[in-house]
Structure formats: structure tokens, C-alpha cells
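Have a look at the structure below, then the notes.
The values are calculated or read from the model by the stated rules, or taken from the named source; none is laboratory data. Fair warning: this is a prediction, and the values are worked out from it, not measured in the lab. Note that we place each Cβ from the backbone using ideal geometry, even for glycine, and neighbour counts take in every protein chain shown. When the accessible area is computed, the model is the full protein with side chains, heavy atoms only, and any ligands, DNA or RNA have been set aside. Shrake-Rupley method; radii C 1.70, N 1.55, O 1.52, S 1.80 Å.
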Amino acid sequence: MTPATAEDVSLMEAVAAQRRELAALLGGLAPEAWDRPSLCADWRVRDVVAHVTMPFRYSTRRFITEMIKAHGNFDRMADRCARRDGQASPDELLAALCQNERNPWKPPGGGLAAALTHDVIHGQDITVALDVTHLVPEERLRIVLATITTPKSLKHFGTDLTGIELRASDIDWSFGSGAPLSGSGQDLALVLCARKLPAGRLRGASSARFTASQSSAGRASPPIGQRRAGAG
């Protein structure tokens with residue numbers, strides 16, 4: 001077994017802290033909040049938690065079986081599993097998160113930085129939709145921002161930032177060039193991941209492009225790993 005590097009140890013600590021904080025936040029939600037919409041299109045809060053914990057609950061064999069059922073389409077598989085598994089009680093879903101604080105799962109083709117990004121963005125899918133304040137420490141946020149601005153990630157999400165400079169209002173960070181679109185670093189991370197944010201969180205001439213309309217509130221973009229329109 002290859003010894004863990006200092007970077008991996010540090011990243012695992014960040015992942016564990018993120019999961020621990022999300023579990024504490026979820027544990028304090030009112031029961032009805034679990035059924036409210038998230039920023040992930042057509043997914044409730046409980047469905048997002050089911051998706052986040054799916055890698056912990058599924059064996060390799062079960063994952064392959066689900067992929068076969070979905071004819072190899074990961075988007076379809078993840079959507080169906082999240083909706084089905086999201087029917088579990090909040091206590092069950094929360095336990096799956098708490099018991100896997102240090103689970104070393106990594107997204108296919110990614111490392112622990114991608115795992116941290118997965119947890120942070122989906123955590124924001126919940127907290128922003130519920131209008132619950134949850135500040136991600138700057139050190140973690142910078143890892144996420146570096147991960148989602150790689151060419152691979154930008155191509156995956158396909159967010160059109162032509163002629164736009166993302167400019168964080170709370171940390172020294174910017175990305176791109178052109179007319180400024182400003183907001184918190186966390187909110188700009190959601191923009192990069194093709195989320196539509198609630199009104200008032202972004203500033204700039206192009207802010208309306210990245211803001212959910214009243215009629216589409218709660219029906220934003222697919223989560224990490226999913227590209228099919230309407231997938232949760």
C-alpha cells in the first residue's frame with residue numbers, strides 16, 4: 001500500500017471536517033426541511049443527501065448492477081437512486097453521513113480534492129436553497145475553486161463565462177476576464193457548477209443569467225457528475 005502523502009492527509013482532514021459540519025447542520029433541520037427543494041433540479045434536500053452518501057452505501061457490485069439497470073447511463077442511474085434512496089428517514093440518511101466522515105471515496109477519475117468539491121457543492125445545494133448560512137473555510141473553498149476551474153471541470157459543466165470575470169467579494173480570488181460578476185466565493189463556485197442562484201446573491205450586468213427566476217426556483221442545474229437536463 002502506498003503511504004499517504006502529507007497533501008492527502010490534509011485533504012482527508014478537510015473532507016472529514018466538511019462532512020462533520022454538514023451532518024451537524026442537517027441534524028438541526030426541522031423535519032419538513034428535508035422535503036424542500038434543493039438547488040439540484042427536481043431533487044429535495046433528502047435526495048441530495050442520498051446522493052452524497054450513495055458511494056458509502058453501495059458496494060462495487062451494487063453500483064455495477066445499478067449501472068446495468070440504467071443501460072450504462074450514470075446520470076439516469078444516479079437520479080433514480082437518489083429519488084429512491086431519498087425515501088429513507090432523515091435519521092437513516094444522516095447516519096450514513098456521520099458514519100462515513102473519513103470514508104476515502106473519490107469520484108471516478110478524481111482525487112480527494114474532487115471528493116471535497118463534491119461534498120462542498122452539494123452542501124451548498126442544500127444550504128443556499130434553504131437560506132441557511134454555512135461558511136466554508138477559505139482554505140477548503142480555494143481547493144474547490146481550483147478544482148472546478150480546471151479545463152476538465154469547465155468542459156463538464158459547460159457554464160458560458162465568455163466576456164465575464166468572476167470576482168469574489170469576500171476573498172482575494174477572480175477567474176476569467178471581462179465584465180465583473182461578483183458575489184461570495186461560495187456563490188461563484190455554484191455559478192461555475194452551473195447552478196442558478198436565488199435573487200440578490202450576485203452583482204453585475206450579467207447576474208440575471210445566473211439567477212433563478214421565480215418560476216424556476218428550486219429547479220436549478222444537475223449536480224456534480226450529471227449532465228442530463230432535468231436530472232437531480
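Of note:
- Computed E for Arg209/Ala6 - FRET, C-beta separation, R0 41 angstrom, nearest 0.05: 0.50
- The protection proxy used here, the mean number of other Cβ atoms lying within 10 Å of each residue, ranks peptides 138-146, 22-30 as follows, highest first: 138-146, 22-30.
- Against the chain, whose longest principal axis comes from its Cα atoms, helix 6-27 is set at around 90 degrees.
- A 1.4 Å probe, protein heavy atoms only, puts the accessible area of Ile68 near 120 Å².
- Solvent exposure ordering (accessible area, 1.4 Å, most first) of Phe56, Phe175: Phe175, Phe56
- Angle of helix 112-130 to the longest C-alpha principal axis of the chain, folded into 0 to 90 degrees and rounded to 10: 70°.
- Note: relative contact order over the range 119-219, using C-alpha pairs below 8 Å and six or more positions apart, is 22 percent.
- Residue-averaged 222 nm ellipticity for the chain, from DSSP H runs of 4+ at -39500 (n - 2.57), nearest 500: -15000 deg cm²/dmol
- Range of Cα positions in the chain per principal axis (Å), largest first: 48, 46, 38
- Electrostatic dipole magnitude of the chain [Cβ: Lys, Arg +1; Asp, Glu -1; Cα centre; debye, to 20]: 820 debye
- Compactness index (Cα Rg / 2.2 N^0.38 Å), the range 1-47: 1.65
- Of all DSSP beta bridges confined to the chain, the antiparallel ones make up roughly 45%.
- One chain, two ends: Thr150 and Trp105. Fully extended at 0.36 nm per residue, the span grows by 14.1 nm beyond their Cα-Cα distance.
- Cross-link reach is defined here as a Cα-Cα straight distance under 12 Å, omitting same-chain residues fewer than 8 places apart; for Lys196 the aspartates and glutamates meeting it are Asp125, Asp187.
- Calculated accessible area for the range 60-178 comes out at 52 Å² per residue, all protein chains present (probe 1.4 Å; ligands, DNA, RNA ignored).
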